[in-house]
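Encoded as structure tokens, the structure appears first; notes follow it.
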Amino acid sequence: MGKLTVLDLELLLVREFTRAGADLATDVIEGDFAATQTELDYSIQKAAQPGPFRDKLSQAYQRAQDEFEDRRMKGEWARSRGETPGPAAEPRVPRGGLPRLATLLFLFSEDPDEFYWAVERARLAAGPALRLRELSDFLALHGARLAEARCPPSGRYCHLDGESWPPALVSAARTVLAEGGMARLREGIGLFRGYEQKELRRRVNAWVRDGD
């Protein structure tokens, strides 16, 4: 990312405090979804007050909106010619500062799935990560025999029930079982796709309208 700005550090702390408060048994992508939604919530509250932050964020939001529209038009142009839209037509999330925050706010306002996809891509770019569904399915099928999993020193695979599994998946599953199971993990992440999402989106859209 390069040198972090004061805003980057501020929002990083918001995300990390969210994760610490959730006390998740293991790191999953949905934890990033919840932490980044909390970041948007914090930013909207901060931008509700008149001042330089509100003004600068509003300007950055307009630039993000304009860039998204430009990329959308490029995608439509490519499809009209029977072509597959390239990277130039994909929404791009800057790596830090107000541009990143404004783009995430715009994506969340337009379509939360686009927001989650942007957060997921950023998370996967930093390294492999697990999803709730992967853990849930693995534990449903193999949780009762997890103690039988064998993970050789090479660290390439773990072996269980005649199949090979990523060691990170086996390790995460063991941790989740030891610390309350999937119900506890889901509780820690919260209702990021339920009421909390709808309420946050309502407030984000209200802030967008107020800034027009």
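Things worth noting here:
- From the options 132, 146, residue that is under 27 Å from residue 41 (Cα atoms) and touching a helix residue (DSSP H, G or I) at 6+ places or on another chain (Cβ under 9 Å): 132
- Among (1) buried (at least 17 other Cβ atoms within 10 Å of the Cβ); (2) part of a loop (DSSP other than H, G, I, E, B); (3) out of contact with any helix residue (DSSP H, G or I) (no Cβ under 7 Å at 6 or more places or on another chain), the one test that residue 93 misses: (3)
- Checked against (1) part of a helix (DSSP H, G or I); (2) of a type in the set (S, T, N, Q); (3) more than 19 Å from residue 118 (Cα to Cα); (4) modelled with pLDDT under 95, residue 65 passes all but a single condition, namely (3).
- Qualifying positions in region 1-32 - within 21 Å of residue 204 (Cα to Cα) and either buried (at least 21 other Cβ atoms within 10 Å of the Cβ) or of a type in the set (S, T, N, Q) (or both): 11, 18, 30, 31, 32
- Looking across region 100-120 at every residue that is among the charged types (D, E, K, R) and under 23 Å from residue 186 (Cβ atoms), the one that is surrounded by the fewest Cβ atoms within 10 Å (Cβ to Cβ) is identified as 113.
- Some residue of region 28-44 being over 30 Å from residue 172 (Cα atoms) and either touching a residue at least 60 places away in the same chain (Cβ under 8 Å) or basic (Lys, Arg) (or both): yes
- Helices (runs of 4 or more DSSP H) wholly inside region 113-195 containing at least 2 residues that are within 28 Å of residue 93 (Cβ to Cβ) and either under 16 Å from the mean Cα position of the chain (by Cα) or touching a residue at least 60 places away in the same chain (Cβ under 8 Å) (or both): 132-142, 181-189
- Checking every residue in region 70-80 against the condition of being assigned to a helix (DSSP H, G or I), free of Cβ contacts under 8 Å to residues at least 24 places away in the same chain and hydroxyl-bearing (Ser, Thr, Tyr) gives at least one match.
- Failed item in (1) more than 19 Å from residue 124 (Cβ to Cβ); (2) in contact (Cβ under 8 Å) with a residue 40 or more places away in the chain, with residue 49 passing the rest: (2)
The values are calculated or read from the model by the stated rules, or taken from the named source; none is laboratory data. Note that the coordinates shown come from a computational prediction; the quantities given were computed from them, not determined experimentally. Quick reminder, even Gly has a Cβ in these numbers, built from the backbone with ideal geometry, and neighbours come from all protein chains shown.
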